[in-house]
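*Asks:* If you scroll down you'll find the structure; I have some questions about it.
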Amino acid sequence: MSENPNEVQAAKDEAVGNVVERVESWQEGAEEQTVAQELREGFDEAGVDVAEADVDQLAEQIHEDGKADTGSVDPS
């Protein structure tokens, strides 16, 4: 039984969104480094790889705006 690549990617995208939402709610206003570390830990727990540049961008957005746009993140 093989996995549908579209379903796998959708699950990874959903995992990224869930991690970002959790970090947004718990770390709003936190230092950017703290936000980035929480994102990395969440992505590790979810089993998704996110490029360091994307983690930095998300952390900056959460730090500055309290929200982040995951649309450009391509998890592997």
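*Asks:* Contact list please: Cβ distance under 9 Å, first residue in segment 1-29 and touching a residue at least 12 places away in the same chain (Cβ under 8 Å), second residue exposed (fewer than 10 other Cβ atoms within 10 Å of the Cβ) and among the hydroxyl-bearing types (S, T, Y), pairs at least six apart or on different chains.
*Replies:* Within 9 Å, the pairs are K12/S76.
*Asks:* Separate question: If you take the residues in segment 1-32 that are of a type in the set (S, T, N, Q) and not in a helix (DSSP H, G or I), which one is surrounded by the most Cβ atoms within 10 Å (Cβ to Cβ)?
*Replies:* Here is the first cut: in segment 1-32, the ones of a type in the set (S, T, N, Q) are 2, 4, 6, 9, 18, 25, 27.
Imposing the further condition that a residue be not in a helix (DSSP H, G or I) reduces the set to 2, 4.
On the way: S2: 4, N4: 8.
The selected residue is N4.
*Asks:* Residue check, I62 against (1) at pLDDT below 95; (2) open to solvent by 30 Å² or more (accessible area, probe 1.4 Å); (3) in a helix (DSSP H, G or I), all met but one. Which one?
*Replies:* (2)
*Asks:* Give D56, D44 a once-over and let me know the one that is under 11 Å from the mean Cα position of the chain (by Cα), open to solvent by 80 Å² or more (accessible area, probe 1.4 Å) and at pLDDT 95 or above.
*Replies:* Working: D56 fails: open to solvent by 80 Å² or more (accessible area, probe 1.4 Å).
Matching residue, one of D56, D44: D44.
*Asks:* Out of curiosity, is V35 touching a helix residue (DSSP H, G or I) at 6+ places or on another chain (Cβ under 8 Å) and in a helix (DSSP H, G or I)?
*Replies:* Numbers: touching a helix residue (DSSP H, G or I) at 6+ places or on another chain (Cβ under 8 Å): yes; in a helix (DSSP H, G or I): yes.
Here the answer is yes, as V35 does meet what is asked.
*Asks:* How do the pairs read when you match residues in segment 48-63 that are under 16 Å from K12 (Cα atoms) with residues anywhere that are aromatic (F, W, Y) and part of a helix (DSSP H, G or I), using Cβ under 6 Å and keeping only pairs 6 or more apart or on different chains?
*Replies:* The qualifying pairs are V50/F43.
The values are calculated or read from the model by the stated rules, or taken from the named source; none is laboratory data. No experiment lies behind these values; they were computed from the predicted model shown. We place every Cβ from the backbone using ideal geometry, glycine too, and count neighbours over all the protein chains shown. Only protein heavy atoms, including side chains, enter the accessible area calculation; ligands, DNA and RNA are left aside. Shrake-Rupley method; radii C 1.70, N 1.55, O 1.52, S 1.80 Å.
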